[in-house]
Amino acid sequence: MPDTLEARNPTWSRDELILTLDLYFRFKGNPPGKTSKDIVELSELLNKMGALISDRKADFRNPNGVYMKVMNFRRFDPTYISQGKKGLQRGGKLEEDVWRDFAADPHKLSETANAIRLIVNKGEIPEASEEEDEEFAEAEEGRILTRIHRSRERSRKLVENKKASVVKANGHLKCEACSFDFEVTYGERGKSFIEAHHVKPVHTLAAGEKTKLEDLVLLCSNCHRIVHTQRPWLTVEELRQLIKD
Ligand SMILES: [Zn+2]
Ligand SMILES: [Zn+2]
């Protein structure tokens, strides 16, 4: 990798900004200094996460940079804006998005940050699936929890169990949003074909927790794709409403 500014200080990811905003909220906008335990711990966590998901150098987020990033959130904070203080003005659009997605819901923010922390500390981040592309929007909760969502709903054994239980109960497999039945349209080739979508809120997906059959709904490929094309992902209820309208 060339020693450019980008290589030395790569753009902050949504996951990193969630963890950073969580620290900002824990200290109510008054984070401890650069050498404090909390800033150093966050720097270590980000370094570990970077090494796990994007081959970053072991020290790519030093405590100095982490502290600056935490302070960067002040420019969105009404408490500081109202006092006429401006905070640091540098920083990207994603910071603003993450502030908007989470500032009104500190509980969700801390749950999301805890879930990411847990997974990184365990070192169990699922591999990226082929959907990690432009048409598949990363969840508000970031890349790691998005991968957990995908790995749960693509678990072959789980999906087979879900399909078997639905066939047993209803005698057929239909999309739970639009009622599309692959077998009716495609005959034998469509038999038992359908996708599973995990409906539990992404921030509650901590590593190791078992997925229950009720956590999955069956969707046709079109409907499932539509759920995930934009952030925030649609709920199944919103998807049904969209089809009805
Ligand atoms: Zn459908
Ligand atoms: Zn899904």
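The values are calculated or read from the model by the stated rules, or taken from the named source; none is laboratory data. What you are looking at is a predicted structure, and each value in this text was computed from that prediction instead of being measured. Counting neighbours? That spans all protein chains shown, and the Cβs are built from the backbone with ideal geometry, glycine included. These area figures cover heavy atoms from the full protein model, side chains too; ligands, DNA and RNA do not enter into them. Shrake-Rupley method; radii C 1.70, N 1.55, O 1.52, S 1.80 Å.
Data for the structure
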quantity	calculated
Yes/no for ALA196 being closer than 17 Å to ASN170 by Cβ, of a type in the set (Gly, Ala, Ser) and not assigned by TED's automatic domain parsing to the domain that holds ASN121	yes
Residue pairs meeting the criteria (Cβ under 6 Å; at least 6 apart or on separate chains; first within 11 Å of ligand 2 (Cβ to nearest atom), in the range 186-203; second of a type in the set (Gly, Ala, Ser) and part of a loop (DSSP other than H, G, I, E, B))	VAL202/ALA139
HIS224 being near ligand 1 (Cβ under 9 Å from one of its atoms) and either modelled with pLDDT under 95 or in a helix (DSSP H, G or I) (or both)	yes
Enumeration of residues in the range 31-40 that are open to solvent by 90 Å² or more (accessible area, probe 1.4 Å) and not basic (Lys, Arg)	THR35
Within the range 227-245, tally of residues that are without any contact (Cβ under 8 Å) to a residue 40 or more places away in the chain and part of a helix (DSSP H, G or I)	6
Some residue of the range 211-229 being more than 16 Å from ligand 2 (Cβ to nearest atom), over 20 Å from PHE136 (Cβ atoms) and outside the structural domain of ARG117 (by TED's automatic domain parsing)	no
Residue satisfying condition, being among the small types (Gly, Ala, Ser) and under 30 Å from SER110 (Cα atoms), within set SER165, SER221, SER151, SER179	SER151
Within the range 155-172, tally of residues that are within 16 Å of ligand 2 (Cβ to nearest atom) and either part of a helix (DSSP H, G or I) or without any contact (Cβ under 8 Å) to a residue 40 or more places away in the chain (or both)	5
Checklist (1) touching a His at 6+ places or on another chain (Cβ under 8 Å); (2) touching a residue at least 40 places away in the same chain (Cβ under 8 Å) applied to HIS224, failing item	(2)
Criterion: within 12 Å of ligand 1 (Cβ to nearest atom), loosely packed, with under 15 Cβ neighbours inside 10 Å and over 30 Å from ILE18 (Cα atoms) - qualifying residue of SER179, SER192	SER179
Breaking point among (1) free of Cβ contacts under 8 Å to residues at least 60 places away in the same chain; (2) open to solvent by less than 40 Å² (accessible area, probe 1.4 Å); (3) assigned to a loop (DSSP other than H, G, I, E, B), for ALA206	(1)
LYS212, sole failed condition from (1) within 30 Å of ASP97 (Cβ to Cβ); (2) open to solvent by 20 Å² or more (accessible area, probe 1.4 Å)	(1)
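Results for (1) part of a loop (DSSP other than H, G, I, E, B); (2) of a type in the set (A, V, I, L, M, F, W, C), shown as yes or no for each residue.
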{"residue": "ASP22", "(1), (2)": "no, no"}
{"residue": "PRO32", "(1), (2)": "yes, no"}
{"residue": "LEU46", "(1), (2)": "no, yes"}
{"residue": "ARG61", "(1), (2)": "yes, no"}
{"residue": "GLU95", "(1), (2)": "no, no"}
